[in-house]
Amino acid sequence: MASSTRFVLPVLLLAAHLLGSRAVAPTCERIECPSYDVVDKGNGFEIRLYNSTQWMSTSSIDDISFVNATRTGFLRLFDYIQGKNKYGEKIEMTAPVITQVTPSDGPFCASSFVVSFYVPKKNQPNPPPADGLQLQKWGLRYAAVRQFGGFISDGDSVGEEAAALYSSLQGSVWFSAVTQGQEADPTSAYTVAQYNSPFEFSGRVNEIWMTFAMASHRI
């Protein structure tokens, strides 16, 4: 299996670069989103290769509620794009807003959440700094992705979607790469990407991401 993986992965990556296959959420037709190539598709998952990007992120937010933590983080980031930054600069809204999740060990223990905003291309060369926020610099990064709709609520739904993504990867050439990626970054078991504003009630798009870096696929 390890030998076949070494040959299959480069072929898939080459195909992605040659074909430039892209798929976007409907929101990304209206506002800017990070660009990526679709490397592979399977039953219940998609593998993407994201270009180098920068994200403005909150510090870790400890809470038992995904919804509350994401709302808290989003409000901080909304203040940031409204001009509450060192340059006093307003910044265009982008999508998705992502929440990196480190689940707790029990149902009544606080999990850790980091909420991030994709910095628009215009601001990528010099993102305005801000108190209480940190800049995440991503190199080329792969993501195993599962898409689902509706409003996200507290409960088991997000965890179930993450478990379904992980399960769908088993038996694929990507499974060990994703597992190695999670081991390399224990601060984030998975990431939840939300593309719509809270005031959009239909056509909502959410995704679970499990990211891994370039070196993670060298099996």
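Selection of region 100-139 for residues being within 14 Å of the chain's Cα centre (by Cα) and loosely packed, with under 13 Cβ neighbours inside 10 Å yields K137, G139.
Residue check: S57 meets all listed conditions (1) hydroxyl-bearing (S, T, Y); (2) surrounded by 21 or more Cβ atoms within 10 Å (Cβ to Cβ); (3) under 24 Å from Y166 (Cβ atoms) but one, namely (2).
When region 60-71 is limited to residues that are out of contact with any helix residue (DSSP H, G or I) (no Cβ under 7 Å at 6 or more places or on another chain) and among the hydrophobic types (A, V, I, L, M, F, W, C), the one that is least open to solvent (accessible area, probe 1.4 Å) turns out to be A69.
From the list G159, G139, G149, the one residue that fits, being out of contact with any strand residue (DSSP E or B) (no Cβ under 6 Å at 6 or more places or on another chain), at pLDDT below 95 and farther than 23 Å from N196 by Cα, is G139. Among the residues of region 149-196, count how many are small (G, A, S), open to solvent by less than 30 Å² (accessible area, probe 1.4 Å) and free of Cβ contacts under 8 Å to residues at least 40 places away in the same chain. Looking only at that region, the number is 1.
The values are calculated or read from the model by the stated rules, or taken from the named source; none is laboratory data. Keep in mind it's a predicted model, so treat the numbers as computed, not measured. Because the Cβ atoms are built from the backbone with ideal geometry, glycine has one as well, and the counts that use them run over all protein chains shown. Each accessible area value is taken on the protein alone, full model and side chains, heavy atoms only, with ligands, DNA and RNA left out. Shrake-Rupley method; radii C 1.70, N 1.55, O 1.52, S 1.80 Å.
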